[in-house]
Structure formats: structure tokens, C-alpha cells
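The structure appears right after this line, and notes come after that.
Values quoted throughout were computed directly from the atomic coordinates according to the rules given, and no laboratory measurement underlies them. For clarity, every value in this text was computed on a predicted model and none was experimentally measured. Quick reminder, even Gly has a Cβ in these numbers, built from the backbone with ideal geometry, and neighbours come from all protein chains shown.
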Amino acid sequence: MKPLSPSQRRIHQAALRLFAEKGVSQVNISDLAQEAGVARGTIYNNVENMEQLFKQVASQLSKEMHERISKSFADLQDPAERLASGIRLFIRRTHEEPQWGAFLSRFAMSDASLREMLSSQATSDLLSGLQAGRYSFRQEQLIAVISLVASATLGAIFLVIEGLKTWREAGSDTAELVLRSLGIEEEEARRVATTDLPALAPLG
């Protein structure tokens, strides 16, 4: 993944905040320059148009989160623990970075790279868990199960954004219910969903 320059990173961070708040079509060059704290010329030098910028921001966000999740799971072997931790890491990051969560909540189902971010790690853990007999669902149900995991995670993110649940409550409840839907017994699902959560690995 090609690293962003300092100016590009400021523009991307500003765009994420503005897109989450206003939507893509309502953001203009002046808004972006002001939010990023850069000159309009810097925006023109780095941004082709808002639609293209949105795609770049979504793609970069997806790649970064996928990289950080993968590193965070280096010591986790159990597919159920990995799946539960992945769900909870997304929800905890929403608490720590509300505008990141708001961006994801608004666009995750309509953008391919964001959908990939939500589903890629989960797919691996679901397949390995199924093959190991950890989960109970039919192979042909995989796409529906991936959708269930992604939808449940986004629902929990919404609860945190709206202040209806703490990230710990939303994360543990969602992870437990997802595991139970996959055939994990209630007591074990609760244990896995409330175990100590690994830190989200930094970039680089």
C-alpha cells in the first residue's frame, strides 16, 4: 500500500469527516480546503473530483483497517475468537474515532471496498471455523452468514454512534449473538465475546 504524503493524509482525513457529515455530493473544494487546513491549490493538485476522492478514501480506509486487523490477530488461532474480536475491534474503533464509524455506517453497504473490509477477514474465519466443526451452517449459506456478520456489526456501530450502547456492551452483545447464531453454545459464546480484546495494531 503506497503511503500517503502528509498533505494527502490531511485531505483524506478531512474528506472522511465531511463525507460522513454531508454526503459526497454536498462537499466542495472550499469546504475541503478549510477542513483540511490547506490552500485550495493543494486540493486541486491532489483531488481530481469528489467522487474519485471518495473512492480513494474508502479504499485507503479499507486497506488500512484490514492490515491492522490482520496484525492484531497474529496470536489468535481459534476462528470464533478471531471473529468475535474482529467485530469488537470495529465497534471499539467507532468509539475512539466517531467520524470513522459514521463514515462506515453511512457508506459501508454501498461501496465495494468498504464491504470488502467488513467481509474479508470474517470470510476466512467463517470458513476455517466451518471446516474445523466450530460452526454449524451449510457451505451454501456462507454469503448469507457474511451478510449477517456485516449487518450486525454495522448495527452495533450505529448503537455506539447514537449513544444507545457503550462500545463494550454493543461489541460483546453482538459478538455473542453472532457466535450463537453460528452454533456456539451460549455460555461459551458469552465467554469468547467478553474475553480481553487485543489492541488494534498500529499502521506500519
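Some points to look at:
- Taking the chain as the region of interest, the number of lysine pairs whose Cα atoms are within less than 21 Å, with members eight or more places apart or on different chains, is 6.
- GluC sites (Glu not before Pro) restricted to DSSP loop in segment 94-177 with at most 10 other C-beta within 10 Å: GLU162
- Between the alpha-carbon centres of segment 117-185 and segment 44-68 there is a gap of 26 Å.
- Distance between modelled label sites at ARG191 and GLU96, nm, 7 Å Cα→Cβ extension: 2.8 nm
- Efficiency of FRET from Cβ geometry, SER70 and LEU142, R₀ 30 Å, rounded to 0.05: 0.90
- Label separation (SER181 vs LEU164): 1.5 nm, computed from points 7 Å beyond Cα along the C-beta direction.
- Stretchable slack from GLN34 to SER128, in nm (0.36 nm times residue separation minus alpha-carbon distance): 29.1 nm
- Kyte-Doolittle mean at least 0.0, axial Cα span of 30 Å or more - DSSP H helices of the chain: none
- Which of LEU114, LEU177 has the fewest Cβ neighbours within 10 Å, and the rest in rising order: LEU177, LEU114
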